[in-house]
There are 2 protein chains.
Amino acid sequence: MRRSNAQLQSDRRAAILDAAQRCFSRDGFHQTSVQQLCLEAGMSAGNLYRYFPSKEAIIAGFVERNRAEAAQDFATVGEAASFFEGLGAIAQRYLIERPEEEVGLCAEIMAESRRNPEIARLYQQLERDVHALIVDMLRRAAERGEIARDVDLDAAATMLMVLADGMSWRRAASPGFDAKAVLPHLMHMVHSLLVHPPDGLHPPDGETRRAETAA
Amino acid sequence: MRRSNAQLQSDRRAAILDAAQRCFSRDGFHQTSVQQLCLEAGMSAGNLYRYFPSKEAIIAGFVERNRAEAAQDFATVGEAASFFEGLGAIAQRYLIERPEEEVGLCAEIMAESRRNPEIARLYQQLERDVHALIVDMLRRAAERGEIARDVDLDAAATMLMVLADGMSWRRAASPGFDAKAVLPHLMHMVHSLLVHPPDGLHPPDGETRRAETAA
DNA sequence: GAAAATAGAATGAACGTTCATTCTCTTGTA
DNA sequence: TACAAGAGAATGAACGTTCATTCTATTTTC
(Lines give C-alpha, C1' and ligand atoms only; values in the text may rest on other atoms or scores of the structure.)
Protein backbone atom coordinates (compact mmCIF):
# COMPACT_ATOMS: atom_id res chain seq x y z
CA MET A 1 0.00 0.00 0.00
CA ARG A 2 1.44 3.42 -0.96
CA ARG A 3 2.54 5.66 1.90
CA SER A 4 2.51 9.47 2.16
CA ASN A 5 5.91 10.85 1.22
CA ALA A 6 6.97 13.49 3.76
CA GLN A 7 9.97 14.62 1.72
CA LEU A 8 7.83 15.20 -1.33
CA GLN A 9 5.32 17.19 0.71
CA SER A 10 8.05 19.42 2.02
CA ASP A 11 9.60 19.83 -1.45
CA ARG A 12 6.28 20.76 -2.98
CA ARG A 13 5.58 23.31 -0.27
CA ALA A 14 8.99 24.86 -0.84
CA ALA A 15 8.46 24.93 -4.60
CA ILE A 16 5.11 26.65 -4.16
CA LEU A 17 6.67 29.23 -1.85
CA ASP A 18 9.45 29.85 -4.38
CA ALA A 19 6.96 30.37 -7.19
CA ALA A 20 4.82 32.54 -4.96
CA GLN A 21 7.83 34.64 -4.04
CA ARG A 22 8.38 35.49 -7.67
CA CYS A 23 4.69 36.27 -8.24
CA PHE A 24 4.05 38.17 -5.03
CA SER A 25 7.19 40.22 -5.30
CA ARG A 26 6.31 41.14 -8.89
CA ASP A 27 2.57 41.74 -8.59
CA GLY A 28 1.71 41.85 -4.89
CA PHE A 29 -0.41 39.45 -2.87
CA HIS A 30 -3.81 40.61 -3.94
CA GLN A 31 -3.00 41.11 -7.57
CA THR A 32 -1.60 37.62 -7.95
CA SER A 33 -4.36 35.18 -8.76
CA VAL A 34 -4.20 31.57 -7.70
CA GLN A 35 -4.20 30.60 -11.39
CA GLN A 36 -1.09 32.71 -12.03
CA LEU A 37 0.51 31.13 -9.04
CA CYS A 38 -0.30 27.66 -10.36
CA LEU A 39 1.15 28.56 -13.73
CA GLU A 40 4.39 29.75 -12.14
CA ALA A 41 4.58 26.66 -9.93
CA GLY A 42 3.73 24.32 -12.83
CA MET A 43 0.90 22.79 -10.89
CA SER A 44 -2.85 22.59 -10.99
CA ALA A 45 -5.06 24.59 -8.67
CA GLY A 46 -6.51 21.54 -7.02
CA ASN A 47 -3.12 20.15 -6.25
CA LEU A 48 -1.86 23.40 -4.82
CA TYR A 49 -4.68 23.31 -2.31
CA ARG A 50 -3.40 19.98 -1.07
CA TYR A 51 -0.32 21.77 0.26
CA PHE A 52 -1.80 25.01 1.52
CA PRO A 53 -5.33 25.38 2.88
CA SER A 54 -5.76 28.88 1.41
CA LYS A 55 -4.00 31.67 -0.42
CA GLU A 56 -3.57 33.47 2.87
CA ALA A 57 -1.74 30.48 4.30
CA ILE A 58 0.85 30.84 1.55
CA ILE A 59 1.44 34.43 2.59
CA ALA A 60 1.82 33.30 6.18
CA GLY A 61 4.20 30.58 5.00
CA PHE A 62 6.67 33.25 3.93
CA VAL A 63 6.86 35.04 7.20
CA GLU A 64 7.70 31.80 8.95
CA ARG A 65 10.32 30.90 6.38
CA ASN A 66 11.86 34.38 6.61
CA ARG A 67 11.99 34.12 10.37
CA ALA A 68 13.89 30.88 10.27
CA GLU A 69 16.34 32.32 7.75
CA ALA A 70 16.86 35.57 9.68
CA ALA A 71 17.58 33.74 12.91
CA GLN A 72 20.13 31.53 11.21
CA ASP A 73 21.80 34.47 9.44
CA PHE A 74 22.21 36.36 12.67
CA ALA A 75 23.54 33.35 14.48
CA THR A 76 26.24 32.61 11.89
CA VAL A 77 27.21 36.14 10.88
CA GLY A 78 27.18 37.35 14.48
CA GLU A 79 30.19 35.15 15.19
CA ALA A 80 32.62 37.57 13.52
CA ALA A 81 35.98 38.54 15.03
CA SER A 82 34.98 42.06 16.06
CA PHE A 83 31.61 43.70 16.53
CA PHE A 84 31.86 46.29 13.78
CA GLU A 85 33.22 43.68 11.41
CA GLY A 86 30.19 41.46 12.11
CA LEU A 87 27.83 44.40 11.80
CA GLY A 88 29.41 45.35 8.50
CA ALA A 89 28.91 41.82 7.22
CA ILE A 90 25.26 41.82 8.23
CA ALA A 91 24.77 45.23 6.62
CA GLN A 92 26.45 44.07 3.45
CA ARG A 93 24.30 40.96 3.37
CA TYR A 94 20.97 42.53 4.28
CA LEU A 95 21.18 45.99 2.78
CA ILE A 96 23.34 45.57 -0.31
CA GLU A 97 23.39 42.00 -1.53
CA ARG A 98 19.87 40.90 -0.77
CA PRO A 99 18.15 40.35 -4.12
CA GLU A 100 15.56 42.84 -5.31
CA GLU A 101 12.96 40.12 -5.19
CA GLU A 102 13.37 39.49 -1.47
CA VAL A 103 13.32 43.19 -0.71
CA GLY A 104 10.10 43.50 -2.64
CA LEU A 105 8.53 40.59 -0.88
CA CYS A 106 9.49 42.05 2.45
CA ALA A 107 7.75 45.28 1.49
CA GLU A 108 4.70 43.30 0.57
CA ILE A 109 4.68 41.45 3.89
CA MET A 110 5.00 44.67 5.86
CA ALA A 111 2.14 46.28 3.98
CA GLU A 112 0.00 43.20 4.42
CA SER A 113 0.75 42.96 8.12
CA ARG A 114 -0.90 46.33 8.61
CA ARG A 115 -4.31 44.91 7.89
CA ASN A 116 -4.19 41.13 8.19
CA PRO A 117 -4.19 40.16 11.87
CA GLU A 118 -2.67 36.73 11.33
CA ILE A 119 0.18 38.13 9.24
CA ALA A 120 0.60 40.92 11.77
CA ARG A 121 0.99 38.39 14.56
CA LEU A 122 3.64 36.41 12.69
CA TYR A 123 5.48 39.49 11.46
CA GLN A 124 5.61 41.08 14.89
CA GLN A 125 6.97 37.89 16.34
CA LEU A 126 9.70 37.98 13.71
CA GLU A 127 10.41 41.56 14.70
CA ARG A 128 10.68 40.67 18.37
CA ASP A 129 13.03 37.82 17.54
CA VAL A 130 15.30 40.02 15.43
CA HIS A 131 15.23 42.75 18.07
CA ALA A 132 16.29 40.26 20.73
CA LEU A 133 19.12 38.96 18.52
CA ILE A 134 20.40 42.51 17.98
CA VAL A 135 20.21 43.33 21.69
CA ASP A 136 22.24 40.22 22.44
CA MET A 137 24.81 41.20 19.87
CA LEU A 138 25.06 44.70 21.32
CA ARG A 139 25.31 43.41 24.87
CA ARG A 140 28.24 41.19 23.99
CA ALA A 141 29.93 44.11 22.22
CA ALA A 142 29.39 46.37 25.25
CA GLU A 143 30.81 43.75 27.59
CA ARG A 144 33.92 43.46 25.43
CA GLY A 145 34.26 47.26 25.35
CA GLU A 146 33.82 47.48 21.60
CA ILE A 147 30.96 49.94 22.05
CA ALA A 148 30.14 52.27 24.94
CA ARG A 149 29.02 50.56 28.10
CA ASP A 150 26.15 52.95 28.78
CA VAL A 151 24.43 52.43 25.43
CA ASP A 152 20.66 52.08 25.71
CA LEU A 153 20.60 48.61 24.18
CA ASP A 154 16.91 48.57 23.53
CA ALA A 155 16.76 51.95 21.84
CA ALA A 156 19.94 51.28 19.88
CA ALA A 157 18.58 47.98 18.56
CA THR A 158 15.39 49.74 17.55
CA MET A 159 17.37 52.43 15.76
CA LEU A 160 19.32 49.77 13.85
CA MET A 161 16.02 48.27 12.75
CA VAL A 162 14.77 51.71 11.72
CA LEU A 163 17.88 52.13 9.59
CA ALA A 164 17.49 48.69 8.04
CA ASP A 165 13.83 49.32 7.23
CA GLY A 166 14.66 52.67 5.73
CA MET A 167 17.37 51.22 3.52
CA SER A 168 15.10 48.40 2.41
CA TRP A 169 12.34 50.78 1.49
CA ARG A 170 14.56 53.07 -0.40
CA ARG A 171 15.84 50.11 -2.37
CA ALA A 172 12.34 48.85 -3.00
CA ALA A 173 10.78 52.16 -3.96
CA SER A 174 13.39 54.23 -5.76
CA PRO A 175 15.27 52.60 -8.60
CA GLY A 176 18.11 55.13 -8.57
CA PHE A 177 19.01 54.45 -4.95
CA ASP A 178 22.64 53.41 -4.49
CA ALA A 179 22.71 51.50 -1.21
CA LYS A 180 26.45 50.89 -1.46
CA ALA A 181 27.20 54.59 -1.77
CA VAL A 182 25.33 55.64 1.37
CA LEU A 183 26.45 52.69 3.47
CA PRO A 184 29.59 54.47 4.77
CA HIS A 185 27.43 57.37 5.92
CA LEU A 186 25.10 54.95 7.63
CA MET A 187 27.97 53.16 9.35
CA HIS A 188 29.31 56.51 10.49
CA MET A 189 26.00 57.32 12.13
CA VAL A 190 25.79 53.89 13.72
CA HIS A 191 29.28 54.33 15.04
CA SER A 192 28.35 57.60 16.70
CA LEU A 193 25.18 56.04 18.10
CA LEU A 194 27.05 53.15 19.70
CA VAL A 195 30.49 54.52 20.53
CA HIS A 196 29.61 58.11 21.43
CA PRO A 197 26.00 57.77 22.52
CA PRO A 198 23.95 60.74 23.71
CA ASP A 199 24.32 61.41 27.46
CA GLY A 200 21.10 60.40 29.19
CA LEU A 201 17.95 61.11 27.25
CA HIS A 202 18.16 64.81 26.49
CA PRO A 203 18.73 65.67 22.83
CA PRO A 204 22.29 66.26 21.59
CA ASP A 205 23.80 69.70 22.21
CA GLY A 206 22.81 70.85 18.76
CA GLU A 207 23.53 74.53 18.85
CA THR A 208 26.60 74.74 21.06
CA ARG A 209 29.11 72.58 19.21
CA ARG A 210 29.50 74.13 15.80
CA ALA A 211 30.81 72.96 12.48
CA GLU A 212 34.27 74.51 12.98
CA THR A 213 35.60 71.16 14.19
CA ALA A 214 35.09 69.60 10.78
CA ALA A 215 35.86 71.39 7.46
CA MET B 1 -28.24 76.34 -20.49
CA ARG B 2 -26.90 75.09 -17.13
CA ARG B 3 -23.11 75.14 -16.73
CA SER B 4 -20.86 72.70 -14.90
CA ASN B 5 -20.00 73.86 -11.37
CA ALA B 6 -16.21 73.82 -11.02
CA GLN B 7 -16.24 74.38 -7.25
CA LEU B 8 -18.59 71.46 -6.73
CA GLN B 9 -16.44 69.25 -8.91
CA SER B 10 -13.38 70.09 -6.85
CA ASP B 11 -15.24 69.59 -3.55
CA ARG B 12 -16.57 66.23 -4.61
CA ARG B 13 -13.16 65.07 -5.72
CA ALA B 14 -11.70 66.07 -2.36
CA ALA B 15 -14.51 64.30 -0.49
CA ILE B 16 -13.91 61.14 -2.48
CA LEU B 17 -10.19 61.30 -1.74
CA ASP B 18 -10.93 61.78 1.96
CA ALA B 19 -13.22 58.77 2.04
CA ALA B 20 -10.73 56.75 0.03
CA GLN B 21 -7.96 57.69 2.45
CA ARG B 22 -9.90 56.13 5.29
CA CYS B 23 -10.69 53.00 3.29
CA PHE B 24 -7.29 52.52 1.68
CA SER B 25 -5.42 53.11 4.89
CA ARG B 26 -7.61 50.57 6.69
CA ASP B 27 -7.90 47.85 4.04
CA GLY B 28 -5.38 48.60 1.31
CA PHE B 29 -6.00 49.56 -2.30
CA HIS B 30 -6.86 46.19 -3.68
CA GLN B 31 -8.98 45.03 -0.80
CA THR B 32 -11.13 48.13 -0.92
CA SER B 33 -13.98 47.67 -3.37
CA VAL B 34 -15.54 50.53 -5.24
CA GLN B 35 -18.79 49.69 -3.44
CA GLN B 36 -17.17 50.17 -0.03
CA LEU B 37 -15.64 53.37 -1.24
CA CYS B 38 -19.05 54.63 -2.37
CA LEU B 39 -20.53 53.73 1.00
CA GLU B 40 -17.82 55.65 2.83
CA ALA B 41 -18.19 58.63 0.53
CA GLY B 42 -21.98 58.55 0.73
CA MET B 43 -22.27 58.44 -3.03
CA SER B 44 -23.41 56.06 -5.72
CA ALA B 45 -21.00 54.18 -7.95
CA GLY B 46 -22.24 55.85 -11.09
CA ASN B 47 -21.74 59.27 -9.62
CA LEU B 48 -18.26 58.48 -8.35
CA TYR B 49 -17.21 57.62 -11.86
CA ARG B 50 -18.14 61.11 -12.94
CA TYR B 51 -15.25 62.42 -10.82
CA PHE B 52 -12.60 59.78 -11.38
CA PRO B 53 -12.26 57.75 -14.57
CA SER B 54 -11.12 54.64 -12.68
CA LYS B 55 -10.18 53.28 -9.30
CA GLU B 56 -6.54 53.59 -10.24
CA ALA B 57 -7.01 57.28 -10.88
CA ILE B 58 -8.12 57.70 -7.28
CA ILE B 59 -4.90 56.09 -6.09
CA ALA B 60 -2.93 58.40 -8.32
CA GLY B 61 -4.94 61.31 -6.97
CA PHE B 62 -3.40 60.77 -3.55
CA VAL B 63 0.17 60.88 -4.60
CA GLU B 64 -0.41 64.23 -6.25
CA ARG B 65 -2.23 65.59 -3.23
CA ASN B 66 0.55 64.36 -0.93
CA ARG B 67 3.16 65.98 -3.09
CA ALA B 68 1.46 69.34 -2.91
CA GLU B 69 1.17 69.05 0.86
CA ALA B 70 4.76 67.93 1.39
CA ALA B 71 6.14 70.80 -0.67
CA GLN B 72 4.11 73.32 1.30
CA ASP B 73 5.13 71.79 4.66
CA PHE B 74 8.80 72.00 3.82
CA ALA B 75 8.49 75.51 2.57
CA THR B 76 6.81 76.83 5.73
CA VAL B 77 8.62 74.74 8.37
CA GLY B 78 11.98 75.23 6.70
CA GLU B 79 11.82 78.93 7.61
CA ALA B 80 12.76 78.26 11.27
CA ALA B 81 15.31 80.36 13.16
CA SER B 82 18.10 77.76 13.19
CA PHE B 83 18.67 74.68 11.11
CA PHE B 84 18.42 72.09 13.87
CA GLU B 85 15.35 73.81 15.22
CA GLY B 86 13.68 73.58 11.84
CA LEU B 87 14.79 70.01 11.40
CA GLY B 88 13.39 69.13 14.81
CA ALA B 89 10.07 70.69 13.89
CA ILE B 90 9.89 68.71 10.66
CA ALA B 91 10.80 65.52 12.52
CA GLN B 92 8.17 66.20 15.14
CA ARG B 93 5.59 66.84 12.47
CA TYR B 94 6.42 63.98 10.12
CA LEU B 95 7.64 61.27 12.45
CA ILE B 96 5.67 61.78 15.65
CA GLU B 97 2.50 63.74 15.05
CA ARG B 98 1.47 62.46 11.66
CA PRO B 99 -1.74 60.50 12.16
CA GLU B 100 -1.65 56.72 11.92
CA GLU B 101 -3.97 56.90 8.96
CA GLU B 102 -1.58 58.97 6.86
CA VAL B 103 1.35 56.75 7.77
CA GLY B 104 -0.65 53.72 6.70
CA LEU B 105 -1.64 55.31 3.45
CA CYS B 106 1.94 56.22 2.75
CA ALA B 107 2.92 52.60 3.27
CA GLU B 108 0.23 51.59 0.86
CA ILE B 109 1.41 54.04 -1.77
CA MET B 110 5.00 52.85 -1.48
CA ALA B 111 3.99 49.22 -1.83
CA GLU B 112 1.79 50.04 -4.79
CA SER B 113 4.48 52.09 -6.50
CA ARG B 114 6.63 48.96 -6.70
CA ARG B 115 4.34 47.41 -9.28
CA ASN B 116 2.16 50.09 -10.80
CA PRO B 117 4.19 52.11 -13.31
CA GLU B 118 1.95 55.16 -13.20
CA ILE B 119 2.04 55.32 -9.40
CA ALA B 120 5.77 54.68 -9.51
CA ARG B 121 6.24 57.65 -11.82
CA LEU B 122 4.27 59.98 -9.55
CA TYR B 123 5.83 58.67 -6.37
CA GLN B 124 9.36 58.97 -7.66
CA GLN B 125 8.68 62.51 -8.73
CA LEU B 126 7.51 63.25 -5.19
CA GLU B 127 10.72 61.71 -3.89
CA ARG B 128 12.86 63.81 -6.17
CA ASP B 129 11.00 66.93 -5.08
CA VAL B 130 11.48 66.15 -1.39
CA HIS B 131 15.13 65.30 -1.96
CA ALA B 132 15.68 68.62 -3.67
CA LEU B 133 13.95 70.48 -0.84
CA ILE B 134 16.18 68.77 1.73
CA VAL B 135 19.33 69.46 -0.26
CA ASP B 136 18.36 73.13 -0.40
CA MET B 137 17.78 73.18 3.32
CA LEU B 138 21.16 71.57 3.97
CA ARG B 139 22.94 73.90 1.61
CA ARG B 140 21.58 76.95 3.40
CA ALA B 141 22.64 75.44 6.73
CA ALA B 142 26.13 74.70 5.43
CA GLU B 143 26.48 78.25 4.11
CA ARG B 144 25.49 79.63 7.51
CA GLY B 145 27.98 77.31 9.21
CA GLU B 146 25.32 75.46 11.17
CA ILE B 147 26.53 72.16 9.74
CA ALA B 148 29.92 71.14 8.35
CA ARG B 149 30.82 72.75 5.05
CA ASP B 150 32.14 69.57 3.49
CA VAL B 151 28.97 67.54 4.00
CA ASP B 152 28.01 65.44 1.00
CA LEU B 153 24.65 67.15 0.54
CA ASP B 154 23.25 64.53 -1.76
CA ALA B 155 24.17 61.56 0.40
CA ALA B 156 23.09 63.34 3.58
CA ALA B 157 19.69 64.16 2.14
CA THR B 158 19.31 60.55 1.08
CA MET B 159 20.23 59.38 4.57
CA LEU B 160 17.61 61.69 6.08
CA MET B 161 15.04 60.13 3.80
CA VAL B 162 16.22 56.66 4.78
CA LEU B 163 15.70 57.60 8.42
CA ALA B 164 12.27 59.04 7.74
CA ASP B 165 11.19 55.96 5.81
CA GLY B 166 12.49 53.71 8.55
CA MET B 167 10.61 55.60 11.24
CA SER B 168 7.43 55.62 9.19
CA TRP B 169 7.62 51.90 8.62
CA ARG B 170 8.29 51.08 12.18
CA ARG B 171 5.26 53.16 13.14
CA ALA B 172 3.12 51.48 10.53
CA ALA B 173 4.19 47.91 11.20
CA SER B 174 4.90 47.56 14.89
CA PRO B 175 2.26 48.78 17.31
CA GLY B 176 4.63 48.94 20.30
CA PHE B 177 7.01 51.34 18.56
CA ASP B 178 7.57 54.56 20.51
CA ALA B 179 8.72 57.09 17.96
CA LYS B 180 9.06 59.81 20.57
CA ALA B 181 11.44 57.73 22.67
CA VAL B 182 13.91 57.00 19.88
CA LEU B 183 13.81 60.47 18.36
CA PRO B 184 16.66 61.80 20.54
CA HIS B 185 18.83 58.92 19.38
CA LEU B 186 17.92 59.65 15.82
CA MET B 187 18.72 63.33 16.20
CA HIS B 188 22.05 62.41 17.77
CA MET B 189 22.93 60.36 14.72
CA VAL B 190 21.82 63.08 12.36
CA HIS B 191 23.91 65.56 14.27
CA SER B 192 26.98 63.41 13.85
CA LEU B 193 26.20 62.91 10.18
CA LEU B 194 25.94 66.63 9.50
CA VAL B 195 28.29 68.25 12.01
CA HIS B 196 31.05 65.65 12.19
CA PRO B 197 30.73 63.95 8.81
CA PRO B 198 33.00 61.08 7.75
CA ASP B 199 36.20 62.29 6.06
CA GLY B 200 35.99 61.54 2.37
CA LEU B 201 34.27 58.33 1.49
CA HIS B 202 36.16 55.70 3.49
CA PRO B 203 34.24 54.15 6.36
CA PRO B 204 34.65 55.55 9.89
CA ASP B 205 37.73 54.49 11.87
CA GLY B 206 35.74 51.78 13.60
CA GLU B 207 38.37 49.87 15.54
CA THR B 208 40.84 52.58 16.53
CA ARG B 209 38.69 54.96 18.55
CA ARG B 210 37.29 52.93 21.42
CA ALA B 211 34.44 53.33 23.85
CA GLU B 212 36.64 54.73 26.66
CA THR B 213 35.60 58.28 25.75
CA ALA B 214 32.00 57.59 26.78
CA ALA B 215 31.02 55.59 29.92
C1' DG C 1 -37.07 72.88 -19.59
C1' DA C 2 -32.51 71.51 -20.39
C1' DA C 3 -28.53 69.84 -18.74
C1' DA C 4 -25.97 68.69 -14.61
C1' DA C 5 -26.01 65.66 -10.70
C1' DT C 6 -27.23 61.55 -8.57
C1' DA C 7 -28.91 56.91 -7.88
C1' DG C 8 -29.06 52.11 -8.35
C1' DA C 9 -29.66 48.14 -11.12
C1' DA C 10 -27.20 45.56 -14.76
C1' DT C 11 -23.00 43.50 -16.92
C1' DG C 12 -19.49 40.43 -17.81
C1' DA C 13 -15.06 39.24 -16.39
C1' DA C 14 -12.19 37.37 -12.78
C1' DC C 15 -11.69 35.67 -8.37
C1' DG C 16 -10.64 31.83 -4.64
C1' DT C 17 -12.08 27.46 -3.82
C1' DT C 18 -14.08 22.78 -4.53
C1' DC C 19 -14.87 18.44 -6.56
C1' DA C 20 -15.37 14.43 -9.43
C1' DT C 21 -12.08 12.28 -11.85
C1' DT C 22 -7.66 10.39 -13.62
C1' DC C 23 -2.88 9.23 -13.20
C1' DT C 24 1.02 7.08 -10.79
C1' DC C 25 3.29 4.70 -7.52
C1' DT C 26 3.82 1.16 -3.74
C1' DT C 27 2.85 -3.10 -1.88
C1' DG C 28 0.62 -7.60 -0.69
C1' DT C 29 -0.32 -11.79 -2.81
C1' DA C 30 0.00 -15.68 -5.97
C1' DT D 1 8.29 -12.27 -11.10
C1' DA D 2 3.66 -10.61 -12.29
C1' DC D 3 -0.23 -8.14 -11.25
C1' DA D 4 -4.17 -6.24 -9.17
C1' DA D 5 -5.57 -3.60 -5.16
C1' DG D 6 -5.44 0.57 -2.96
C1' DA D 7 -4.08 5.08 -1.75
C1' DG D 8 -1.43 9.31 -2.63
C1' DA D 9 -0.75 12.85 -6.23
C1' DA D 10 -2.52 15.64 -9.68
C1' DT D 11 -5.95 17.47 -12.88
C1' DG D 12 -8.96 21.10 -14.79
C1' DA D 13 -13.61 22.35 -15.30
C1' DA D 14 -17.27 24.35 -12.59
C1' DC D 15 -19.18 26.92 -8.56
C1' DG D 16 -20.93 30.90 -6.28
C1' DT D 17 -19.32 35.38 -5.29
C1' DT D 18 -17.40 39.71 -5.88
C1' DC D 19 -15.32 42.98 -8.63
C1' DA D 20 -14.82 47.42 -11.53
C1' DT D 21 -17.39 49.57 -14.67
C1' DT D 22 -21.49 51.03 -17.54
C1' DC D 23 -26.25 52.00 -18.46
C1' DT D 24 -30.62 53.94 -17.68
C1' DA D 25 -33.70 56.39 -15.10
C1' DT D 26 -34.72 60.04 -11.71
C1' DT D 27 -34.00 64.35 -9.18
C1' DT D 28 -32.05 68.91 -8.66
C1' DT D 29 -30.72 73.37 -10.13
C1' DC D 30 -30.16 77.17 -12.94
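The values are calculated or read from the model by the stated rules, or taken from the named source; none is laboratory data. Predicted model, so just to flag it, every value in this text is computed and none were measured. No Cβ is skipped: glycine too gets one built from the backbone with ideal geometry, and neighbour counts run over all protein chains shown. Calculation scope for accessible area: heavy atoms of the full protein, side chains included, ligands and nucleic acids excluded. Shrake-Rupley method; radii C 1.70, N 1.55, O 1.52, S 1.80 Å.
A few notes on this one:
- Among the chymotrypsin sites (Phe, Trp or Tyr not before Pro) within region A:30-134, not one is in coil by DSSP while having at most 12 neighbouring Cβ atoms inside 10 Å.
- Chains B and A together, accessible area buried on both sides, 1.4 angstrom probe, square angstrom: 5900 Å²
- Label reach from A:ASP18 (point 7 Å along Cα→C-beta): in region A:88-104, amide nitrogens under 20 Å belong to A:98-104.
- Stokes-Einstein diffusion for the protein assembly as shown, with the hydrodynamic radius set to the Kirkwood value over Cα pairs and evaluated at 37 °C in a medium of 0.692 mPa s, equals 140 µm²/s.
- Average accessible surface area per residue within region A:1-152, 1.4 Å rolling probe, Å²: 51 Å²
- All-pairs alpha carbon distance profile, region B:55-201, 10 Å steps from 0, percent: 10, 39, 35, 14, 1
- Length gained when the stretch A:ARG50-A:ALA80 is fully extended (0.36 nm per residue, less Cα-Cα span): 6.5 nm
- Region B:1-97: GluC sites (Glu not before Pro) falling in loop per DSSP and having at most 12 other Cβ within 10 Å: B:GLU79
- In sequence order, region A:107-118 has phi-based couplings of 4, 5, 4, 4, 5, 5, 5, 6, 10, 9, x, 5 Hz under the Karplus curve 6.51 cos²θ - 1.76 cosθ + 1.60, θ = phi - 60°, and Gly or Pro positions carry x.
- Surface composition of chain B: carbon plus sulfur atoms contribute 51% of the solvent-accessible area (1.4 Å probe, protein chains only, all chains present).
- In region B:51-103, trypsin sites (Lys or Arg not before Pro) in a DSSP loop with at most 16 other beta-carbon atoms within 10 Å: none
- Structure-based [θ]222 nm, the protein assembly as shown - -39500 (n - 2.57) summed over DSSP H runs of at least 4, per residue, nearest 500: -23000 deg cm²/dmol
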